[in-house]
Number of protein chains: 2
Amino acid sequence: MKKKAPEPRPRSAGRPAGGAALSKQRIAEAALAHIDAFGLGAFSMREIAAQLGVYPATVHWHVSTREALLAEVAATVMAQVTPPKGTLGWQAWIAELFRRCRTAVRQHPNVAQLLGAQLVSNGSLPTELVEGVLAALTEAGFDGEPLLEAYNCVIAAMLGFLTMEFSPLPADNTQAWAEELRERVHTIRPLDHPVLTRHLPQLANRAFILRWDNGTTVPLDSSFERHIQITIDGLEAFARRVAQAASSSS
Amino acid sequence: MKKKAPEPRPRSAGRPAGGAALSKQRIAEAALAHIDAFGLGAFSMREIAAQLGVYPATVHWHVSTREALLAEVAATVMAQVTPPKGTLGWQAWIAELFRRCRTAVRQHPNVAQLLGAQLVSNGSLPTELVEGVLAALTEAGFDGEPLLEAYNCVIAAMLGFLTMEFSPLPADNTQAWAEELRERVHTIRPLDHPVLTRHLPQLANRAFILRWDNGTTVPLDSSFERHIQITIDGLEAFARRVAQAASSSS
DNA sequence: ACCTGAACACCGTTCAAGT
DNA sequence: ACCTGAACACCGTTCAAGT
């Protein structure tokens, strides 16, 4: 199944004549396409080098490191998620951000695992996203320390849910594993877990930890919408607390 | 720096005499210790085999797969987080769960990345945790579809935040990377990002995406506490909505 | 049942050398 | 500046063979 060194186009060393030189951009695109098609587990520097008809060292000349390439890929996926400013109230703006982010991740679900890890520790800052969230929360009345706390909550709520919704299943024998987990879920002892047992029909394969499919095959649409609402309701309560504290101390 | 095949104790094949046979348990402990000491990037089947003074194949005889071992490790870390039932109200119980979970992760920050990925798609179900959350949410008045939604929100909020707070920095030249990111953060263009610029002193190295240290060196204590409060406030608002809808339709 | 010893098919990264 | 060709030091997993 695996290809080896580039046989199709045995070119010679040096910069190609046609101006068809490789670029960070093109490499990132190829990597994203490959990850979309075969998953993050199948990703490797050598694989995408082969894909591009080039030696592994060539990729390294453009990209420096595997980690940097994956960060680039993650940034690409998140590039268009920030909603435009100004037209929406802060609650609607944040809700829109959540939804656009999920839409983007759903188009590239295999990249989801990178978001928490790579976007958070990222060289290519999505500054518009940060600015947008801060602007929305400022409009909500947050400032200083509460602003920081509300911001961290928003980012964690958004990326956290998506990371988990699309977290990959065991790579190997998914079939057997799913069957075993389904079995295990349905043989939970009712006496020790009465609430779980009672609601199992509602929860099975739709609740975190009780799933054997991920968001690619069983999307958690209503849970995500509810997650948005809960987050925004919580933020509004926080804003009220802040306003209260300010007025009572004046 | 790296060790090779087990030289210290060149034993012969077969089950060891002293009853000191290897076990899944002992392997998981060794793996956890190694990950705590050197990070998840330094983890490998061969490494922990060497650590235990055996051949790689021996580890595979007990553990089947690398992925399974890491799932075991993640489960070990999460083993003791579920608070006892009955003594607390549902809000306090959930808050306690969040705090105990963070305490556990702080003792093994390098496993954080596994939580979202491994706990969610896990063979060894932490059924007490699931049962506990469901019991708390039932006490809050949730049932049926809303129960599912509230549950998913709780799990995502808890694990999502922790995954991000302790998400690892670039493995290679952390020093240079941190310096570059700090530089980049402080040269953000004020005209394009007025809100960000204004609050940068508050946010730098303490807000997601604007950090160059992770939770191990710069813990986000107050943000996490606020995250708990926002989540619970949001859940209470959700419970009120549900109650309202039920009474208005009766 | 539990482990050795060796092999297979991969990795990321580096580096001299070419053009 | 951009790429080849080859090497280095690793991987996870499998498998016959030992005890």
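The values are calculated or read from the model by the stated rules, or taken from the named source; none is laboratory data. These figures come from a predicted structure and were not determined experimentally. In this analysis, Cβ positions are derived from the backbone assuming ideal geometry, glycine residues included, and neighbour counts consider all displayed protein chains. In case anyone asks, the SASA skips ligands and DNA or RNA and just uses the protein heavy atoms, side chains included. Shrake-Rupley method; radii C 1.70, N 1.55, O 1.52, S 1.80 Å.
Any residue at all in the range B:107-121 that is in a loop (DSSP other than H, G, I, E, B), closer than 23 Å to A:His199 by Cα and within 16 Å of DNA strand D (Cβ to nearest atom)? Reasoning before the result, please.
Applying the first criterion (in a loop (DSSP other than H, G, I, E, B)) to the range B:107-121 yields B:108, B:120-121.
Next, from what is left, pick out any that are closer than 23 Å to A:His199 by Cα: B:120-121.
Cutting the leftovers down to within 16 Å of DNA strand D (Cβ to nearest atom) gives us B:121.
Yes.
May I ask you to verify whether A:Ala204 is of a type outside the set (Asp, Glu) and either surrounded by fewer than 14 Cβ atoms within 10 Å (Cβ to Cβ) or within 27 Å of B:Ala117 (Cβ to Cβ) (or both)? In short, yes.
Can we say A:Ala68 is touching a Gly at 6+ places or on another chain (Cβ under 8 Å) and either over 23 Å from A:Gln107 (Cβ atoms) or among the aliphatic types (A, V, I, L, M) (or both)? Spelling it out, A:Ala68 is indeed touching a Gly at 6+ places or on another chain (Cβ under 8 Å) and either over 23 Å from A:Gln107 (Cβ atoms) or among the aliphatic types (A, V, I, L, M) (or both). Contact map, the range A:126-150: residues that are on the phi > 0 side of the Ramachandran plot paired with residues that are open to solvent by 20 Å² or more (accessible area, probe 1.4 Å) and modelled with pLDDT under 95, Cβ distance under 7 Å, separation 6+ or inter-chain. Pairs shown: A:Gly141/A:Ala243. Where residues in the range A:160-203 are within 16 Å of DNA strand D (Cβ to nearest atom) and hydrophobic (A, V, I, L, M, F, W, C), which of them is modelled with the highest pLDDT? The residue in question is A:Trp177. Kindly evaluate A:Ser44 against the criterion of being within 8 Å of DNA strand C (Cβ to nearest atom), surrounded by fewer than 16 Cβ atoms within 10 Å (Cβ to Cβ) and within 14 Å of chain B (Cβ to nearest Cβ). Spelling it out, it is not the case that A:Ser44 is within 8 Å of DNA strand C (Cβ to nearest atom), surrounded by fewer than 16 Cβ atoms within 10 Å (Cβ to Cβ) and within 14 Å of chain B (Cβ to nearest Cβ). Restricting attention to the range A:90-121, the residues that are under 19 Å from A:Ala33 (Cα atoms), modelled with pLDDT under 95 and touching a Gly at 6+ places or on another chain (Cβ under 7 Å) add up to 0.
For the range B:61-89, give me each residue that is within 14 Å of DNA strand C (Cβ to nearest atom) and closer than 17 Å to B:His34 by Cβ. Talk me through it step by step, then tell me what you get.
Restricting attention to the range B:61-89, the residues satisfying the condition of being within 14 Å of DNA strand C (Cβ to nearest atom) are B:61-64, B:66.
Scanning the range B:61-89 gives B:His62, B:Val63, B:Arg66.
Could you tell me which residue of the range A:60-88 is nearest to A:Ala30 (Cα to Cα), considering only residues that are within 16 Å of DNA strand D (Cβ to nearest atom) and more than 14 Å from chain B (Cβ to nearest Cβ)? Across the range A:60-88, the extreme among qualifying residues is A:His62. Return yes when B:Ala13 is within 13 Å of DNA strand D (Cβ to nearest atom), away from chain A (no Cβ under 14 Å) and either in contact with a helix residue (DSSP H, G or I) (Cβ under 9 Å, 6 or more places away or on another chain) or modelled with pLDDT under 95 (or both) and no when it is not. For B:Ala13, the condition - within 13 Å of DNA strand D (Cβ to nearest atom), away from chain A (no Cβ under 14 Å) and either in contact with a helix residue (DSSP H, G or I) (Cβ under 9 Å, 6 or more places away or on another chain) or modelled with pLDDT under 95 (or both) - is met.
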